[in-house]
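Asks: Can you read through this structure? Questions will come right after.
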Amino acid sequence: QVQLVESGGGLVQPGGSLRLSCAASGSIFSFDAVAWYRQAPGKQRELVAGTIEGAGINYADSVKGRFTISGSSAKNTVSLQMNSLKPDDTAVYYCYVKVRLASLAPAIEYWGQGTQVTVSS
């Protein structure tokens, strides 16, 4: 079993920065995909930034140039650096991973519990 623990959310003023971190615990053999999603009140959950093994990194148009996703397979962590934050970035942010627990095992998806990001003056 894999657990994801997120940290780094909070209240920030417009134009400020936050760094979200997600630590994955468990016996992970490999990562097929890692991503950050967000869900604002009354809206559907949307992809913020993510990468699939062997492919490039995708960013939502609304965060391109402001957010950066990064990760460490050795430490089983994935982070989201968020700069120039706007009130529209206010949402609950979720960490997502798709992992394999063994070399021939099927890929399994896991979600973090979510961390609140509020951008307000």
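The values are calculated or read from the model by the stated rules, or taken from the named source; none is laboratory data. Owing to the predicted nature of the structure, the values given are computational and were not obtained by experimental measurement. Positions of Cβ are generated from backbone atoms using ideal geometry, with glycine treated the same way; all protein chains shown enter the neighbour counts. Heads up: the accessible areas ignore ligands, DNA and RNA and are worked out on the full protein's heavy atoms, side chains in. Shrake-Rupley method; radii C 1.70, N 1.55, O 1.52, S 1.80 Å.
Asks: Quick one: compute the contact order of the chain, relative version, from alpha carbon pairs under 8 angstrom and 6+ residues apart, as a percent.
Replies: Working: 297 pairs, mean separation 44.2, N = 121.
Worked out over the chain, it gives 37 percent.
Asks: Karplus couplings for region 26-42 from phi (6.51 cos²θ - 1.76 cosθ + 1.60, θ = phi - 60°), rounded to Hz, Gly and Pro as x?
Replies: Those phi angles translate into x, 8, 9, 7, 7, 9, 8, 7, 9, 6, 10, 10, 9, 9, 8, x, x Hz.
Asks: Continuing with the same structure: Give the cross-link partners of residue 43 among the lysines, using a straight C-alpha distance below 22 Å as the criterion and excluding same-chain residues fewer than 8 apart.
Replies: 64, 86
Asks: On the accessible surface of the chain, probed at 1.4 Å, how many percent belong to carbon and sulfur atoms?
Replies: Numbers: 3290 of 6600 Å².
That fraction is 50 percent.
Asks: Give, as ranges by residue number, the residues of region 9-30 whose backbone N falls under 11 Å from the point 7 Å along Cα→Cβ of residue 118.
Replies: Output list for this probe position: 10-12.
Asks: Taking springs between alpha-carbon atoms closer than 10 angstrom, which of 97, 78, 63 fluctuates most in the Gaussian network model of the chain?
Replies: 63
Asks: Another one. From the backbone phi of region 76-89, what are the Karplus-calculated ³J(HN,Hα) couplings (6.51 cos²θ - 1.76 cosθ + 1.60, θ = phi - 60°) in whole Hz, Gly and Pro given as x?
Replies: 6, 10, 9, 10, 9, 8, 10, 10, 6, 5, 10, x, 5, 7
Asks: Using DSSP to define loop residues, name the trypsin sites (Lys or Arg not before Pro) in region 37-121 whose beta-carbon has at most 13 other beta-carbon atoms within 10 Å. Mind dumping the intermediate values first?
Replies: On the way: sites: 38, 43, 45, 64, 66, 75, 98, 100; in loops: 43, 45, 64, 66, 75.
Taking region 37-121 and a limit of 13 other Cβ atoms within 10 Å, the loop trypsin sites (Lys or Arg not before Pro) found are 43, 64, 75.
Asks: Please arrange 52, 28 by accessible surface area, largest first, computed with a 1.4 Å probe and ligands excluded. Please list the in-between numbers first.
Replies: Values: 52 105, 28 30 Å².
Greatest to least solvent exposure: 52, 28.
Asks: Take the Cα of residue 101, step 7 Å along the line toward its Cβ, and report every residue of region 54-91 whose backbone nitrogen sits under 16 Å from that point.
Replies: So the set is empty, nothing qualifies.
Asks: With every protein chain kept in place and ligands, DNA and RNA left out, what is the accessible area per residue of the chain? Probe 1.4 Å, answer in Å². Don't skip to the end; give the middle numbers.
Replies: Working: 6600 Å² over 121 residues.
Each residue of the chain exposes 55 Å² on average to a 1.4 Å probe.
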